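Worksheet for the structure shown next.
The values are calculated or read from the model by the stated rules, or taken from the named source; none is laboratory data. Predicted model only: the values in this text are computed from it and were never measured. Note that each Cβ is placed from the backbone with ideal geometry, even for glycine, and that neighbours are counted across all protein chains shown.
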Amino acid sequence: MKHIVLFKFENKDCLEKVDRLVTETYDKLEKVHKVIEGYSFSINCLPEKENNMDLVLFVDLTGPSSLSGYIDHPDHQEVLVKLKSLGLKDKAVIDINE
């Protein structure tokens, strides 16, 4: 299963900090806590377009039953708070089976 999240931030100047935060958090979720199987993300190469989102995150999970363990994990909850403090304006989520 893949959990896909699109993020939009108020100020594009925070994206370097967002990059570091996502990498640190998701490395830990994958390698230390083993809550996810893997992840990847990319920052939009054209963030100045108003309708564009700024970051896309792909999280690999074993299946639907593992989603709540990931969503409820303290490190996941903490990264959401930190992203909001960096100016998270909007997000959109989709979960797909592959």
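Note on the stretch 39-98: residues that are in contact with a His (Cβ under 6 Å, 6 or more places away or on another chain) and without any contact (Cβ under 8 Å) to a residue 40 or more places away in the chain amount to 0. Quick check: is even one residue across the stretch 62-78 among the β-branched types (Val, Ile, Thr) and within 15 Å of residue 10 (Cα to Cα)? No: zero hits. Condition test on residue 9, is it surrounded by fewer than 17 Cβ atoms within 10 Å (Cβ to Cβ), closer than 18 Å to residue 92 by Cβ and not aliphatic (A, V, I, L, M)? Here the answer is no, as residue 9 does not meet what is asked.
Take the conditions (1) of a type outside the set (Gly, Ala, Ser); (2) in contact with a Pro (Cβ under 9 Å, 6 or more places away or on another chain); (3) modelled with pLDDT of 95 or more; residue 59 misses just one of them, which is (2).
The stretch 17-98 holds strands (runs of 3 or more DSSP E) entirely within its bounds, and those carrying 3 or more residues that are surrounded by 14 or more Cβ atoms within 10 Å (Cβ to Cβ) map to 38-43, 55-60. If you go through the stretch 11-55 and keep only what is more than 19 Å from residue 71 (Cβ to Cβ) and of a type in the set (S, T, N, Q), you end up with 11, 23, 42, 44, 51, 52.
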